[in-house]
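Notes to accompany the following structure.
The values are calculated or read from the model by the stated rules, or taken from the named source; none is laboratory data. These numbers were taken from a predicted model, which means no experiment stands behind them. Don't worry about glycine lacking a Cβ; one is built from the backbone with ideal geometry, like all the others, and counts go over all protein chains shown. Just the protein is used for accessible areas: all its heavy atoms, side chains included, with ligands, DNA and RNA removed. Shrake-Rupley method; radii C 1.70, N 1.55, O 1.52, S 1.80 Å.
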Amino acid sequence: MKSFPFAACLPVLLLAACGRAEPVEDMPSQEELAAAANAAAAKALASAKADDAESRNYVNVQRGFSVTFPEGWEKDAAASNANGAVFQDPGAGADVRVFWQDNRDNQTLQQIVQSVSSGAEGVDGDFIGDNEYRGTANDGEGNNVAIRLVRQPDGGIVTATFVYPEMLSEQYQAIAERVLDSLRVFAPASQTQGGAAPAATGNSAAAQPEG
């Protein structure tokens, strides 16, 4: 029989046996101890989940946007650059692409959407105010595409696309919506004092910035 557990409990047992420490009836019951242990375990689990969510955030401070990608997905370093990033599901051929692009011609979002629509099939979506668009399309190669475009105050466009095999729509549709919902747009570093990232909200909190 191992002696360590008993040795570890020995100080507690000695205190409990000492009448001067505190009355026996004031000691926590087994139920209370179990409840405290369960509460501590739940808190640790919640903290671990929060840390995991933070590690899945992508923040581009220079271009002014952030997004949370699905657990287990991997960044495609070759396809990513200073303007954005690509994350892939290593097993199913799905990917998330989020990029900023300059809008030197100061096009409206409606004009930008028209350009995007010309390269896809069955584009269907809605404008949310003047500076946001949400839609879906098919790339003509058996993939569905969920799209979200946001026009920044300075005219820049952030485009997020979630591409997944059409045959896996049931599994990916809800995931695509959550990912696109997580997109946050904020002032680029060049427009903030000292070039620091602004206080992030929602899914963009405590993420790792991209240079």
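Within the assembled protein chains, the solvent-accessible surface assigned to Asp95 is about 20 Å², based on a 1.4 Å probe. Based on Cα atoms of the stretch 56-190, Rg over Rh with Rh as the Kirkwood radius reads 0.94.
Taking each residue as 0.36 nm, the span from Gln111 to Asp130 lengthens on full extension beyond its C-alpha to C-alpha distance by 5.7 nm. Split the accessible area of the stretch 56-190 by element, probe 1.4 Å, and carbon with sulfur accounts for 44%.
Ordering 172-182, 128-138, 58-68 by mean Cβ neighbour count within 10 Å, with the highest value first, yields 58-68, 172-182, 128-138.
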